[in-house]
Amino acid sequence: MKIHQIPFKETNYFSNLICDYLDENPNLTEFYGNFPNIEGFKNQIDLKKTFPSKNRIVLVEALKNQYQNTQITVATKNNIQLLEDKNTFTITTGHQLNIFTGPLYFLYKIVSTINLTKQLKTQFPSYNFVPVYWMATEDHDFEEINYFNFKGNKISWSAESKGAVGRLETAGFKQVYDEFLKLLDNSNNAKNIKKLFQEAYLAHDNLTDATRYLVNELFGQNGLVIIDGDDKLLKSIFAPIVKDELLNNTSYKNVIKTNELLQKSYKIQVNPREINLFYLVEGLRERIIFEDNIYKVNNTEIVFEEEEILDELKNHPKRFSPNVIMRPVYQETILPNLCYIGGGGELAYWFQLKAYFNAINTPFPILLLRNSVLLMSKKQAAKLDKLTISVPELFYNQINLIDKKVKEISTIDIDFSAQKLFLQQQFEALKELAKNTEASFLGAVNAQEKKQLNGLAVLEKRLLKAQKRKLADAVERIKFIQDQLFPKQSLEERTRNFSEIYLELGDSLIPMLMEALDPLQMKFTIIEYE
């Protein structure tokens, strides 16, 4: 295995906001707390030492309940118990309940989280660090999670979805399994994939339990703790902040102010509602709206007076579900968390929340961009060497990459820079001459210079196009290898499913990732594997 790394900025796949954050641009300082380095974590531990012990007790009880029907590993069991200890802190990532994990980066998120806990234990041996995967069980965006891609095929789950996706029954997954089965061979790795899918989705009644089983099978040996926020005990801890939201719109007031500042330089990821909560019951997750001094549940006839909705919160805290603005606060309220690890899009909305965290006296976590990875086989690396394509060049726009490589391998000089410079020098002499006559002549000289330079540019493009036809074989090979590594000209990790790579690497896939990924290096990683 060979590891290559390049700065995220050089990939051209990450926003200015994220690149500026990684560069510690002073313009962003007010929108986050501690930076993800060792000094930052030392400060964050001190901040989080005030995490209430009573919350730890409730957290452990809730987790034990959630794991009742799961064959828990010794490592995970120990980590859950450690959460009662005041010297234990979590590192958290979260993700939707994508079918069969969805895109590859799901794995990278969790590996980043596990590896960071190991690094922190080395740096701070007197503390414990537990990796946590937050299942987004309360989401209702079914269309975003009901499929995964496998070798160019979209494997979809058709179901009627209402309310929280985690509560969806897994009926109908036999059809998904049969469709997937047709695309798999009879190798041992394929048999393992079939078994994993079958035991996750055909042997569990709802999407939450299926996802917990699947992720536990993949990462339980590493001590990963999987948490479901759709939980009465955990919501009871969060209830005071929900009450504040209902009565005071605290998140809206603070996020709006932050957005006004942030949008001067960056694109805003999410816009807050006046109340950033959903009402959640079986088959229903709808926004809570305050109109005419009444609390209404959107698209229903459910209404509450103020006293009634506060009674509802007291008696049924589980029915109040945070949206994207408040979910981070919920997480940081119930977990002794130091750091949230996410993708660029996720972190972008966290930057909108710092003032809100301050307003409710909750420590803002360290934000860390997850590891991003390009997986490249040894054969693919050999093809790139033959084409003299470097790792940074791989990330070029395909047209630009082909143009660059054709110019390099062509026996004809396609670069007309020398001719353009010579032409400009000739016209400089004409311009000196023109200064001794009327202004209209100087204008004619400038116009002629522009016309001839444009003519040279057109000829240069035509020559390049002709050479592309002459070197068509090389052009096709360049296209083929880049399309293999960047499906649909996008990052592989955003489209492919882990099962496609598992067919090739088997059980060595996750250990390989564990060995290769360093979350605190904060660079894009290219793994060249055997």
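Just name the residue that is surrounded by the fewest Cβ atoms within 10 Å (Cβ to Cβ) out of those in region 127-151 that are over 20 Å from residue 495 (Cα atoms) and among the hydroxyl-bearing types (Ser, Thr, Tyr).
127
Would you please name the residue that is nearest to residue 84 (Cα to Cα), looking only at residues in region 330-376 that are touching a strand residue (DSSP E or B) at 6+ places or on another chain (Cβ under 6 Å), in a helix (DSSP H, G or I) and among the aromatic types (Phe, Trp, Tyr)?
330
Scan region 377-405 for residues that are out of contact with any helix residue (DSSP H, G or I) (no Cβ under 6 Å at 6 or more places or on another chain), more than 18 Å from residue 493 (Cβ to Cβ), among the β-branched types (Val, Ile, Thr) and assigned to a helix (DSSP H, G or I) and report the count.
So the answer is 1.
Are there any pairs, at least 6 apart or on different chains, whose C-beta atoms fall under 7 Å, with the first in region 312-334 and closer than 14 Å to residue 135 by Cα and without any contact (Cβ under 8 Å) to a residue 12 or more places away in the chain and the second surrounded by fewer than 22 Cβ atoms within 10 Å (Cβ to Cβ) and polar (S, T, N, Q), and if so, which?
Here the result reads none, with nothing in region 312-334 linked to a residue that is surrounded by fewer than 22 Cβ atoms within 10 Å (Cβ to Cβ) and polar (S, T, N, Q).
Output yes when any residue across region 370-380 is under 30 Å from residue 51 (Cβ atoms) and either among the aliphatic types (A, V, I, L, M) or modelled with pLDDT of 95 or more (or both), and no when none is.
Taking region 370-380 and keeping what is under 30 Å from residue 51 (Cβ atoms), we get 370-371.
Narrowing further to those that are either among the aliphatic types (A, V, I, L, M) or modelled with pLDDT of 95 or more (or both): 370-371.
Yes: region 370-380 contains one or more residues that are under 30 Å from residue 51 (Cβ atoms) and either among the aliphatic types (A, V, I, L, M) or modelled with pLDDT of 95 or more (or both).
Looking only at region 493-527, which residues are in contact with a helix residue (DSSP H, G or I) (Cβ under 6 Å, 6 or more places away or on another chain) and charged (D, E, K, R)?
493
Touching a residue at least 60 places away in the same chain (Cβ under 8 Å), part of a loop (DSSP other than H, G, I, E, B) and surrounded by 16 or more Cβ atoms within 10 Å (Cβ to Cβ): is that true of residue 34 in this structure?
It is true that residue 34 is touching a residue at least 60 places away in the same chain (Cβ under 8 Å), part of a loop (DSSP other than H, G, I, E, B) and surrounded by 16 or more Cβ atoms within 10 Å (Cβ to Cβ).
Say we look at region 281-295 and pick out the residues that are under 20 Å from residue 306 (Cβ atoms) and either basic (Lys, Arg) or in contact with a strand residue (DSSP E or B) (Cβ under 7 Å, 6 or more places away or on another chain) (or both); which of these is surrounded by the fewest Cβ atoms within 10 Å (Cβ to Cβ)?
Per the stated criteria, the residue is 294.
Quick check: anything in region 286-307 in a helix (DSSP H, G or I) and not acidic (Asp, Glu)?
Within region 286-307, the subset in a helix (DSSP H, G or I) is 306-307.
So of that shortlist, the ones also not acidic (Asp, Glu) come out as none.
No; the residues of region 286-307 include none that is in a helix (DSSP H, G or I) and not acidic (Asp, Glu).
Filter region 308-329 for residues that are part of a helix (DSSP H, G or I), within 28 Å of residue 264 (Cβ to Cβ) and out of contact with any Ser or Thr (no Cβ under 7 Å at 6 or more places or on another chain) and give the result. Step through it out loud before you land on a result.
First, the residues of region 308-329 that are part of a helix (DSSP H, G or I): 308-315, 317-319, 327-329.
Still in the list and also within 28 Å of residue 264 (Cβ to Cβ): 327-329.
The answer is 327, 328.
Would a scan of region 188-199 turn up a residue that is more than 28 Å from residue 113 (Cα to Cα), part of a helix (DSSP H, G or I), at pLDDT 95 or above and of a type outside the set (D, E, K, R)? Spell out how you get there, then give the answer.
At the first step, the residues of region 188-199 found to be more than 28 Å from residue 113 (Cα to Cα) are 188, 191.
With the extra rule that they be part of a helix (DSSP H, G or I), the set shrinks to 188, 191.
Among the residues that remain, those that are also at pLDDT 95 or above are: 188, 191.
Those still in the list that are of a type outside the set (D, E, K, R) too: 188.
So far as region 188-199 goes, yes, one or more of its residues are more than 28 Å from residue 113 (Cα to Cα), part of a helix (DSSP H, G or I), at pLDDT 95 or above and of a type outside the set (D, E, K, R).
Any chance you could count how many residues in region 465-510 are part of a helix (DSSP H, G or I) and either over 15 Å from residue 106 (Cα atoms) or aromatic (Phe, Trp, Tyr) (or both)? Outline the logic, then answer.
Of the residues in region 465-510, the ones part of a helix (DSSP H, G or I) are 465-470, 472-485, 487-489, 492-494, 498-510.
From what is left, the residues that are either over 15 Å from residue 106 (Cα atoms) or aromatic (Phe, Trp, Tyr) (or both) are 465-470, 472-485, 487-489, 498, 502-508.
Total satisfying the criteria: 31.
Hey, among the residues in region 241-267 that are surrounded by fewer than 17 Cβ atoms within 10 Å (Cβ to Cβ) and touching a Ser or Thr at 6+ places or on another chain (Cβ under 9 Å), which one's modelled with the lowest pLDDT?
267
Restricting the search to region 379-392, which residues are surrounded by fewer than 16 Cβ atoms within 10 Å (Cβ to Cβ), closer than 19 Å to residue 8 by Cβ and not hydroxyl-bearing (Ser, Thr, Tyr)?
Residue satisfying the conditions is 392 alone.
Name the single residue that is farthest from residue 98 (Cα to Cα) among those in region 466-484 being surrounded by fewer than 18 Cβ atoms within 10 Å (Cβ to Cβ), modelled with pLDDT of 95 or more and not acidic (Asp, Glu).
Among them, the one singled out is 477.
Across region 416-433, what is the number of residues that are more than 50 Å from the chain's Cα centre (by Cα), farther than 14 Å from residue 450 by Cα and among the aliphatic types (A, V, I, L, M)?
Residues that pass the stated criteria total 2.
The values are calculated or read from the model by the stated rules, or taken from the named source; none is laboratory data. Note that the coordinates shown come from a computational prediction; the quantities given were computed from them, not determined experimentally. Using ideal geometry, Cβ is built from the backbone for each residue, glycine included, and neighbour counts are taken over all protein chains shown.
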